[in-house]
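A.B. asks: Submitted below is the structure of interest, expressed as structure tokens.
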Amino acid sequence: MAIIRTENLTYVYGDGTPFRKVAVDNVNLSIDEGEFVGVIGHTGSGKSTLIQHLNGLLQPTSGSVYIDGEKLWEDKKRLRDIRFKVGLVFQYPEYQLFEETVYKDIAFGPKNMGLSDDEIDRRIRETARMVGIKEELFDKSPFELSGGQKRRVAIAGVMAMEPKVLILDEPASGLDPKGRDKILGQIREYHKEKKNTVLLVSHSMEDVAKHAGKILVMNNASLYCYDTPVNVFAKASELSAMGLAVPQITRVFKRLDQMGCNIGEEVYTVDFAKNLMLKLLNRNNNMEE
């Protein structure tokens with residue numbers, strides 16, 4: 001069942017002025033419940049504008065957005081409840097921290113949902129565990145934490161609302177490689193445990209290839225494709241023409257193919273490449289014996 005669906009979704013900035021710009025143009029999209037989706041596109045492609053429609057931050061100029069079968073903006077009385085189904089984590093979410101303790105910051109969203117104290121406490125502890133925030137940090141000011149810890153507290157605050165859809169806009173931006181891997185790994189584990197829908201907006205093709213089961217590509221305000229990583233990265237030349245780079249390991253194997261070493265499979269992650277090469281080496285060794 002589609003948890004997210006758009007019909008002819010169009011959004012225009014500055015409509016009726018000399019600065020008119022079409023940011024999302026007639027997008028028709030259907031994302032099934034439980035998918036982990038990577039969202040990619042060059043700067044100005046429309047991906048950020050698209051995701052802001054999915055929890056009602058922006059109202060379409062024309063077209064419709066459906067969340068869990070309900071049409072956004074059809075009944076403004078229902079808008080708040082529908083928004084709780086979609087959690088949106090902006091880039092550099094740690095700048096949105098404001099409470100005096102880590103515990104209170106994570107609790108802010110669930111409190112606004114009108115939940116009981118026991119339920120709020122359960123959610124805080126569960127999401128803190130998922131993102132690697134120890135309970136001994138609960139009484140600390142979030143501003144005393146490291147950059148990576150602040151980021152995880154901010155993400156936990158959205159996770160604690162238990163949205164059916166979690167959207168993260170460049171959640172690892174600005175972090176060192178270790179911090180990047182840690183946060184993305186925790187998001188992946190969260191997805192496996194909760195089995196909800198995750199949309200990861202990223203400029204890193206390696207991150208998208210490693211974590212996503214489907215990839216959504218935006219280009220010049222339009223939906224270019226929505227498909228599996230294998231099928232998306234098979235369009236290497238088209239992606240390059242859009243200003244997008246396929247994963248480095250994919251470029252290596254494409255070059256090997258051009259040199260006459262045809263592996264016969266699309267390679268887009270290092271782990272897959274390693275296992276594939278070991279398999280080929282073992283097969284060749286067995287043939288020699």
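A.B. asks: Of everything in region 109-124, what is surrounded by fewer than 16 Cβ atoms within 10 Å (Cβ to Cβ) and more than 26 Å from Q91 (Cβ to Cβ)? Give them in sequence order.
C.D. replies: Within region 109-124, G114, S116, D117, D118, E119, D121, R122 qualify.
A.B. asks: Further question: Considering only region 106-123, I want to know if a residue exists there that is over 29 Å from L184 (Cβ atoms) and part of a helix (DSSP H, G or I).
C.D. replies: Yes, the conditions are met somewhere in region 106-123.
A.B. asks: State the number of residues belonging to region 85-100 that are without any contact (Cβ under 8 Å) to a residue 24 or more places away in the chain and surrounded by 18 or more Cβ atoms within 10 Å (Cβ to Cβ). Write out each step before concluding.
C.D. replies: Restricting attention to region 85-100, the residues satisfying the condition of being without any contact (Cβ under 8 Å) to a residue 24 or more places away in the chain are 95, 98.
When the remaining residues are screened for being surrounded by 18 or more Cβ atoms within 10 Å (Cβ to Cβ), the result is none.
Adding up the residues that qualify gives 0.
A.B. asks: Kindly establish whether E135 is of a type in the set (D, E) and in contact with a Ser or Thr (Cβ under 8 Å, 6 or more places away or on another chain). Before you say what the answer is, go through the steps one by one.
C.D. replies: On the way: of a type in the set (D, E): yes; in contact with a Ser or Thr (Cβ under 8 Å, 6 or more places away or on another chain): no.
The answer is no for E135.
A.B. asks: While we're looking at this one, here's another question. So if I check each of L200, L184, which one is at pLDDT 95 or above and under 26 Å from F233 (Cα atoms)?
C.D. replies: Exactly one of L200, L184 is at pLDDT 95 or above and under 26 Å from F233 (Cα atoms), namely L200.
A.B. asks: Could you give every pair whose Cβ atoms fall below 8 Å, whose first residue belongs to region 155-172 and is free of Cβ contacts under 8 Å to residues at least 40 places away in the same chain, and whose second residue is surrounded by 24 or more Cβ atoms within 10 Å (Cβ to Cβ), counting only separations of at least 6 or pairs across chains?
C.D. replies: Correct list of pairs: empty, since none qualify.
A.B. asks: Are there any pairs, at least 6 apart or on different chains, whose C-beta atoms fall under 9 Å, with the first in region 242-255 and without any contact (Cβ under 8 Å) to a residue 60 or more places away in the chain and the second of a type in the set (S, T, N, Q) and outside any helix (DSSP H, G or I), and if so, which?
C.D. replies: P247/S204; P247/T269; I249/T269; T250/T269
A.B. asks: While we're here: Can you confirm whether region 230-242 contains a residue that is modelled with pLDDT under 80 and either closer than 16 Å to D207 by Cα or exposed (fewer than 15 other Cβ atoms within 10 Å of the Cβ) (or both)?
C.D. replies: Checked region 230-242: no residue is modelled with pLDDT under 80 and either closer than 16 Å to D207 by Cα or exposed (fewer than 15 other Cβ atoms within 10 Å of the Cβ) (or both).
A.B. asks: If you don't mind, there's one more thing I want to ask. Can you tell me which residues in region 147-176 are in a helix (DSSP H, G or I) and at pLDDT below 90?
C.D. replies: Result: G147, G148.
A.B. asks: I would also like to ask the following. Within region 11-40, count every residue that is buried (at least 16 other Cβ atoms within 10 Å of the Cβ) and closer than 25 Å to P163 by Cα.
C.D. replies: So the count comes out to 11.
A.B. asks: Among T197, T250, which is the only one that is buried (at least 20 other Cβ atoms within 10 Å of the Cβ), more than 30 Å from N26 (Cα to Cα) and among the hydroxyl-bearing types (S, T, Y)?
C.D. replies: T250
A.B. asks: Restricting to region 202-220, and then to whatever is among the polar types (S, T, N, Q) and more than 16 Å from L168 (Cβ to Cβ), can you tell me which residue is surrounded by the most Cβ atoms within 10 Å (Cβ to Cβ)?
C.D. replies: The first filter runs over region 202-220 and keeps only residues among the polar types (S, T, N, Q), leaving 202, 204, 219-220.
Next, only the ones that are more than 16 Å from L168 (Cβ to Cβ) stay: 219-220.
On the way: N219: 20, N220: 13.
Here the answer is N219.
A.B. asks: Just one of the numbered conditions (1) in contact (Cβ under 8 Å) with a residue 60 or more places away in the chain; (2) assigned by TED's automatic domain parsing to the domain that holds T43 is not true of V230; which one?
C.D. replies: Among (1) in contact (Cβ under 8 Å) with a residue 60 or more places away in the chain; (2) assigned by TED's automatic domain parsing to the domain that holds T43, the lone unmet condition for V230 is (1).
The values are calculated or read from the model by the stated rules, or taken from the named source; none is laboratory data. If you're wondering where the values come from, they're calculated on a predicted model, not measured in any experiment. FYI the Cβ positions are ideal-geometry reconstructions off the backbone, even for glycines, and counts take in every protein chain you see.
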